[in-house]
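Undergrad: One structure is given below, represented as structure tokens, and several questions about it will come after.
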Amino acid sequence: MKGVRSIDSGRAHVQLQYSPRATIRDSYFFLTQNSVSQSYGFECYGSADSLVENNIFQAVAAPEMINGNCSGTVVAYNFSINNYYTGSSRYNGAATHQHTAGIDNVLWEGNYGNAIYGDVFHGTHHFSTYFRNRWTGPQPACWQSGSTYATAVFNTCTANLKPKVLYSF
């Protein structure tokens, strides 16, 4: 997939599900309908050996989601800004997520975003490599109130401000 513009998706703009050797490149992804849980730019679920590079994610709650065993995946040179997360006022939702058991041998290189998050809820993540990324910590602004993106009020981010959260186990 190359050169696609996707606006206001449902669960994910692109979902790799049992799809080995996929490429998502040079595309623009803006906003998701459900800006809390399961609101992804791309979601890798049970795939392998895929490449996600040189994409822009804007106003997406969780732009880069590894949500299944996605061995051998490369996530490189992507840009994310203003992750639009409405689950908690002024919460700085991370650009990059490792969110389930069986994640291994993933390379994150040259990405620009606010944070990477590897949770402990669903299992372990093995042999991930983080190389030349820029995770800035707080975004320029976080959602504070409003029921839609058009009516949203943004303010300084006050929660989840760490640029790297990699939990054990």
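The values are calculated or read from the model by the stated rules, or taken from the named source; none is laboratory data. Quick caveat: nothing in here was measured; it's all calculated off a predicted structure. Virtual Cβ from ideal backbone geometry, glycine too; neighbours counted across all protein chains shown. The accessibility values were calculated without ligands, DNA or RNA, using every heavy atom of the protein model including side chains. Shrake-Rupley method; radii C 1.70, N 1.55, O 1.52, S 1.80 Å.
Undergrad: Would you point out the residue of the range 136-169, among those that are among the hydrophobic types (A, V, I, L, M, F, W, C) and assigned to a strand (DSSP E or B), that is nearest to Gly102 (Cα to Cα)? If you could, list the steps in order and put the result at the bottom.
TA: Taking the range 136-169 as the starting set, the residues that turn out to be among the hydrophobic types (A, V, I, L, M, F, W, C) are 141-143, 150, 152-154, 157, 159, 161, 165-166, 169.
Those left that are additionally assigned to a strand (DSSP E or B): 142-143, 153-154, 159, 165-166.
Details: Cys142: 31, Trp143: 32, Val153: 38, Phe154: 36, Ala159: 28, Val165: 18, Leu166: 15 Å.
Ranking the qualifying residues of the range 136-169, first place goes to Leu166.
Undergrad: I'd like the full set of residues that are out of contact with any Asp or Glu (no Cβ under 8 Å at 6 or more places or on another chain) and hydrophobic (A, V, I, L, M, F, W, C), limited to the range 12-47.
TA: Of everything in the range 12-47, those that are out of contact with any Asp or Glu (no Cβ under 8 Å at 6 or more places or on another chain) and hydrophobic (A, V, I, L, M, F, W, C) turn out to be Ala22, Phe29, Val36, Cys44.
Undergrad: While we're here: Quick test for you: out of Ile24, Ile7, pick the one residue that is surrounded by fewer than 16 Cβ atoms within 10 Å (Cβ to Cβ) and either basic (Lys, Arg) or not in a loop (DSSP other than H, G, I, E, B) (or both). Full working, then the answer.
TA: Values: Ile24 fails: surrounded by fewer than 16 Cβ atoms within 10 Å (Cβ to Cβ).
The conditions single out Ile7.
Undergrad: Another question about this same structure. Suppose the filter is touching a residue at least 24 places away in the same chain (Cβ under 8 Å) and either among the aromatic types (Phe, Trp, Tyr) or out of contact with any helix residue (DSSP H, G or I) (no Cβ under 6 Å at 6 or more places or on another chain) (or both); does Thr86 pass it?
TA: Values: touching a residue at least 24 places away in the same chain (Cβ under 8 Å): yes; either among the aromatic types (Phe, Trp, Tyr) or out of contact with any helix residue (DSSP H, G or I) (no Cβ under 6 Å at 6 or more places or on another chain) (or both): yes.
Against the criterion (touching a residue at least 24 places away in the same chain (Cβ under 8 Å) and either among the aromatic types (Phe, Trp, Tyr) or out of contact with any helix residue (DSSP H, G or I) (no Cβ under 6 Å at 6 or more places or on another chain) (or both)), Thr86 qualifies.
Undergrad: Let me ask you something else. Is it fair to say Thr151 is within 18 Å of Ser39 (Cβ to Cβ) and surrounded by fewer than 19 Cβ atoms within 10 Å (Cβ to Cβ)?
TA: On the way: within 18 Å of Ser39 (Cβ to Cβ): yes; surrounded by fewer than 19 Cβ atoms within 10 Å (Cβ to Cβ): yes.
Answer is yes for this residue.
Undergrad: Residue check, Asp49 against (1) open to solvent by 30 Å² or more (accessible area, probe 1.4 Å); (2) under 18 Å from Trp135 (Cβ atoms); (3) touching a Pro at 6+ places or on another chain (Cβ under 8 Å), all met but one. Which one?
TA: Condition not satisfied by Asp49: (2).
Undergrad: Then there's this: Based on what the data block shows, is Val75 assigned to a strand (DSSP E or B), β-branched (Val, Ile, Thr) and either at pLDDT below 90 or more than 19 Å from Ala152 (Cβ to Cβ) (or both)?
TA: Details: assigned to a strand (DSSP E or B): yes; β-branched (Val, Ile, Thr): yes; either at pLDDT below 90 or more than 19 Å from Ala152 (Cβ to Cβ) (or both): yes.
Here the answer is yes, as Val75 does meet what is asked.
Undergrad: Out of the range 27-38, which residues are assigned to a strand (DSSP E or B) and not β-branched (Val, Ile, Thr)?
TA: Here is the first cut: in the range 27-38, the ones assigned to a strand (DSSP E or B) are 28-32.
Passing the criteria: Tyr28, Phe29, Phe30, Leu31.
Undergrad: Being under 26 Å from Asp49 (Cβ atoms), out of contact with any Phe, Trp or Tyr (no Cβ under 8 Å at 6 or more places or on another chain) and assigned to a strand (DSSP E or B) narrows it down to one residue among Tyr130, Tyr117; which is it?
TA: Values: Tyr130 fails: out of contact with any Phe, Trp or Tyr (no Cβ under 8 Å at 6 or more places or on another chain).
None of the others qualify; the one that does is Tyr117.
Undergrad: Restricting attention to the range 98-135, which residues are farther than 25 Å from Asn34 by Cβ, open to solvent by 60 Å² or more (accessible area, probe 1.4 Å) and not aromatic (Phe, Trp, Tyr)?
TA: Correct list: Asn105, His126, Thr129, Arg132, Arg134.
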